[in-house]
Amino acid sequence: MTAKVRPRRSVLYMPGANARAMEKAKTLPADGVILDLEDAVAPDAKAMARAQVIAAVKGGGYGHREIIVRANGLDTPWGADDIAAAASVAPDAILIPKVESATQVHRALELMDKAGAPASTTLWCMMETPRGILRAEEVAAASQRVGCLVMGTSDLTKDLRARHTADRQPMLPALQHCLLVARAYGVAILDGVHLDLDDEAGFVRHCEQGLELGFDGKTLIHPKQLEPCNTVFAPSEAEVAQARKIVVAFRAAEAEGKGVVLVDGKLIENLHVVMAQHTVALAEAIASAQKQ
């Protein structure tokens with residue numbers, strides 16, 4: 001698996017107060033696990049959850065899975081301590097909620113550096129408020145250590161006084177704006193959660209919509225969502241075979257001094273090759289992870 005192409009099809013929230021759930025995560029087919037100290041933990045359990053999460057990260061055993069710790073906000077009594085504690089055990093990333101400015105990014109990074117976080121620990125940012133969406137570019141541009149934008153569609157829906165609809169029409173402007181920002185600044189981006197666990201058909205439709213829009217993957221709230229999410233966000237065998245065919249054909253054309261080539265009657269240029277190479281790299285990264 002390369003640093004440039006890392007599968008993030010499925011990133012599962014796990015409550016930091018639930019030690020059994022965090023242990024179970026070691027066996028689940030998730031590409032990433034968010035050990036949550038924020039929404040999933042009651043105020044009187046924050047300190048206990050933090051200790052459990054730090055112990056879980058330190059103990060390891062999560063294999064290929066990307067490990068992210070979601071801290072409480074810096075405007076809460078727990079946020080600064082969460083970031084410092086998480087940074088000390090070097091997870092893959094620290095996720096901070098309700099990010100609305102470069103100042104918040106810089107403050108979190110200062111706390112991470114002070115606690116000795118290695119450069120490999122990136123900062124992920126929840127995009128879940130109207131002000132945060134409007135300032136998404138400021139957030140993404142704040143530091144090269146911003147590794148991912150995570151859509152918080154539940155909180156955003158509440159703040160907008162919008163409705164949860166089957167087609168997610170109320171969310172599309174925010175989703176597309178953050179996608180533009182993420183691609184412009186070279187950071188990953190994850191779609192928000194689907195709350196209705198009994199609505200599998202609706203969940204699959206939302207995964208397909210997220211893929212079509214351009215998301216790298218989706219955040220999840222239950223293990224039952226992993227398999228359909230992984231299936232949707234992974235390239236199919238046919239797509240991978242076609243991508244390999246495009247790469248090989250274009251290389252052969254280049255060797256002959258040609259800049260374009262026909263593959264199955266379609267004109268292939270460099271931009272198609274770049275997309276094909278990404279598809280192949282993603283498929284190979286997924287296959288590599290499944291062997292671990």
Name every residue in segment 157-173 that is among the aliphatic types (A, V, I, L, M), out of contact with any helix residue (DSSP H, G or I) (no Cβ under 6 Å at 6 or more places or on another chain) and under 21 Å from residue 97 (Cβ atoms), in order of residue number. 160
Residue count, segment 208-221 (criterion: polar (S, T, N, Q) and not in a helix (DSSP H, G or I)): 1
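Using the structure shown, decide if residue 192 is closer than 30 Å to residue 27 by Cα and touching a Lys or Arg at 6+ places or on another chain (Cβ under 7 Å).
On the way: closer than 30 Å to residue 27 by Cα: yes; touching a Lys or Arg at 6+ places or on another chain (Cβ under 7 Å): no.
When the stated conditions are applied, residue 192 does not pass them.
Here is a list: 113, 155, 159. Which entry is touching a Ser or Thr at 6+ places or on another chain (Cβ under 6 Å), within 24 Å of residue 94 (Cβ to Cβ) and either β-branched (Val, Ile, Thr) or free of Cβ contacts under 8 Å to residues at least 60 places away in the same chain (or both)?
159
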Which numbered condition trips up residue 139, out of (1) of a type in the set (A, V, I, L, M, F, W, C); (2) without any contact (Cβ under 8 Å) to a residue 12 or more places away in the chain; (3) under 19 Å from residue 74 (Cβ atoms)? (2)
The lone condition residue 224 fails out of (1) part of a helix (DSSP H, G or I); (2) in the same structural domain as residue 32 (by TED's automatic domain parsing); (3) under 17 Å from the mean Cα position of the chain (by Cα) is (3)
Unmet criterion (only one of (1) assigned to a helix (DSSP H, G or I); (2) surrounded by fewer than 19 Cβ atoms within 10 Å (Cβ to Cβ); (3) among the hydrophobic types (A, V, I, L, M, F, W, C)) for residue 119: (1)
Please go through segment 234-271 and pick out each residue that is in a helix (DSSP H, G or I) and either without any contact (Cβ under 8 Å) to a residue 12 or more places away in the chain or farther than 27 Å from residue 210 by Cα (or both). 237, 238, 241, 248, 249, 250, 251, 252, 253, 254, 255, 271
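Results for (1) in contact (Cβ under 8 Å) with a residue 60 or more places away in the chain; (2) buried (at least 21 other Cβ atoms within 10 Å of the Cβ); (3) more than 12 Å from residue 127 (Cα to Cα); (4) under 16 Å from the mean Cα position of the chain (by Cα), shown as yes or no for each residue.
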| site | (1), (2), (3), (4) |
| --- | --- |
| 167 | no, no, yes, no |
| 175 | no, yes, no, yes |
| 205 | no, no, yes, no |
| 210 | no, yes, yes, yes |
Tell me the residue from 238, 287, 276, 281 that is under 30 Å from residue 152 (Cβ atoms), hydrophobic (A, V, I, L, M, F, W, C) and out of contact with any strand residue (DSSP E or B) (no Cβ under 8 Å at 6 or more places or on another chain), please. 281
Would you be able to say whether some residue in segment 212-221 is surrounded by fewer than 19 Cβ atoms within 10 Å (Cβ to Cβ), over 30 Å from residue 177 (Cβ atoms) and not hydrophobic (A, V, I, L, M, F, W, C)? no
Hey, any hits in segment 117-124 for a residue that's out of contact with any helix residue (DSSP H, G or I) (no Cβ under 9 Å at 6 or more places or on another chain), among the aromatic types (Phe, Trp, Tyr), assigned by TED's automatic domain parsing to the domain that holds residue 153 and modelled with pLDDT of 95 or more? yes
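Helices (runs of 4 or more DSSP H) wholly in segment 1-114 with at least 1 residues that are among the hydroxyl-bearing types (Ser, Thr, Tyr) and in contact with a helix residue (DSSP H, G or I) (Cβ under 8 Å, 6 or more places away or on another chain) - which ones? Before you say what the answer is, go through the steps one by one.
Numbers: elements: 19-24, 46-59, 79-88, 102-114.
Those helices (runs of 4 or more DSSP H) span 79-88.
The values are calculated or read from the model by the stated rules, or taken from the named source; none is laboratory data. On a predicted model such as this, the values are computed, not experimentally measured, just so you know. So basically every Cβ, Gly included, is an ideal-geometry build from the backbone, and we count neighbours across all protein chains shown.
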